[in-house]
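Readers should treat all values here as calculations from the given coordinates under stated rules, not as data from a laboratory. Everything numeric here is computed off the predicted structure, so don't read it as measured data. Counting neighbours? That spans all protein chains shown, and the Cβs are built from the backbone with ideal geometry, glycine included.
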Amino acid sequence: MLLWSLLVIFAAVTEQADSLTLVAPSSVFEGDSIVLKCQGEQNWKIQTMAYHKDNKELSVFKKVSDFLIQSAVLSDSGNYFCSTKGNIFSWHKRSNIVKIKVQELFQHPVLTASSFQPIEGGPVSLKCETQLSPQRLDVQLQFCFFRENQVLGSSWSSSPELQIPAMWSEDTGSYWCEAETVTHRIRKQSLQSQIHVQRIPISNVSLETRAPGGQVTEGQKLILLCSVTAGTGNVTFSWYREATGTSLGMKTQHSLSAELEIPAVKESDAGKYYCRADNGHESIQSKVVNIPVRIPVSRPVLTLRSPGAQTAVGNLLELHCEALRGSPPILYRFYHEDVTVGNSSAPSGGGAPFNLSLTAEHSGNYSCEADNGLGAQHSETVPVSISGPDGHRRDFTTAGVLWGLFGVLGFTGVALLLYSLFHKISGESSATNEPRAGCRLNPQEFTYSSPIPKMEELQPVYVNVGSVDVDVVYSQVWSIQQPESSANIRTLLENKDSQVIYSSVKKS
């Protein structure tokens, strides 16, 4: 009887063991949730429920419970089953074994570069390459790049590429990338790769000048440009004047050229210059460049030179214009009353003359202008008075004196005319009162009684004007013969073809 009872109990336990089942998802990818369900047992019969993986207990519950894996990883792959212990005779049940394989959502990324030994100063393109599972192509990924534990670029980005515009020697180091899902559940890192930046030595150092108008002018800005055709990394540029050998300035920068500015050039800055460039390999010097400094002309001075003591009509007058400062060649222009009368050049600097054959119209103000292409300068004006061919001045002052003398001499002429008329009247009166007999008049004593000659037959009489070295002006006096009656006086005065006499008057 006892044996029969035991057989019945074992048969019941075996039947119950066959009814315990582990339920698991059939397909699992990285990042998915895995829920394991142990089914086939009533709650009141269970004392404990346990879940196992590869014969290792994962978790034990006091009641019927599910087992959850929040985000599956590849290492979660294995053989799973569950077991229970009953509260009747402490029976033990075990479920079937379920094999779970977690599939890779995307491959581990691989870092690639356009060059792992780039030339310094050149660009490099980094790429984080991976591939999604064909069954999960809709999954979104983001990427990030690193160098020596430092994030490159703008941290995480949806683009798997990163462009580095220029690589320098200090950028040498270990690089890698990471890829992760947007939900941040799965993140994978690539292997580290070494990037070694190659530095190129300096070569072909040159120095050139840059100035307004293409020429170095006193007072203006000058730029000394030092450049190299090859060379990478931080380049140190320095400038020198050959005469002193001292450094004028120094700059270090990531470029193939650098500038040194002289705000205002002085005449003393003219000379020979050179520059040097160094990027850590070797310091290279440029060729020596001679820099002349052009000087604008100063205000010129106009001087007049004449071979004689006077500036007379017919003489040769030399106008000499000279600027005391100014780089050659210098062009001089000469002006008479602001009208150009000629020009002359001084190829080697200094002054320049201009000769002028004088005429009466050359009186007036003279000036000159100096120009060497850096700005023209005008001299002060110099007045010139021209003498006539016999030594008299052709200026306004002389003309005023001349008209004054004409007035004085005209008054003298009228006085002489009145005196002649009075003398004639007195003579006629004496002749009338003389006795008629024993006396005959001499015809030659009656000069004024002779008929008046025709006016066109009168000839002018000139008196000696003295030495040509004395400045003189002429006065004109009308001389007429005494008429027989006072009625003829007005007629003779009104006749403009009367005989004239010139007398000399010295100019004060």
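Below is a table of values for the structure above.
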{"item": "Derived scalar couplings ³J(HN,Hα) [the range 96-104; Karplus, 6.51 cos²θ - 1.76 cosθ + 1.60; whole Hz; x for Gly, Pro]", "result": "5, 8, 10, 8, 10, 10, 7, 8, 6"}
{"item": "Listed peptides 210-221, 111-122 by packing density, highest first (mean Cβ within 10 Å)", "result": "111-122, 210-221"}
{"item": "Packing-based order for 324-334, 58-68, using average beta carbon neighbours within 10 Å, highest first", "result": "324-334, 58-68"}
{"item": "Neighbour-count ranking [beta-carbon atoms within 10 angstrom, fewest first] of S75, S257", "result": "S75, S257"}
{"item": "Over 26 Å (Cα to Cα) - which of K45/K101; K62/K101; K221/K251; K127/K188 fall in this group", "result": "K45/K101; K62/K101"}
{"item": "Vicinal HN-Hα couplings computed from phi for the range 144-154 (Karplus, 6.51 cos²θ - 1.76 cosθ + 1.60; Hz; Gly/Pro x)", "result": "8, 10, 9, 9, 6, 6, 10, 6, 9, x, 9"}
{"item": "Gain upon complete extension [R94, R136; 0.36 nm per residue less C-alpha separation]", "result": "11.6 nm"}
{"item": "Global geometry of the range 212-251, whether rounded, prolate or oblate, following the gyration tensor of its Cα atoms and the 1.5 cut on a/c", "result": "oblate"}
{"item": "Gain in span if fully extended, L324 to L68, counting 0.36 nm per residue against the direct Cα distance", "result": "81.9 nm"}
{"item": "Amide proton proximity set for I202, modelled H, under 5 Å, gap of 5+", "result": "N279, H281, E282"}
{"item": "Peptides ranked, highest mean first, by Cβ atoms within 10 Å: ranges 77-86, 280-289, 142-151", "result": "77-86, 142-151, 280-289"}
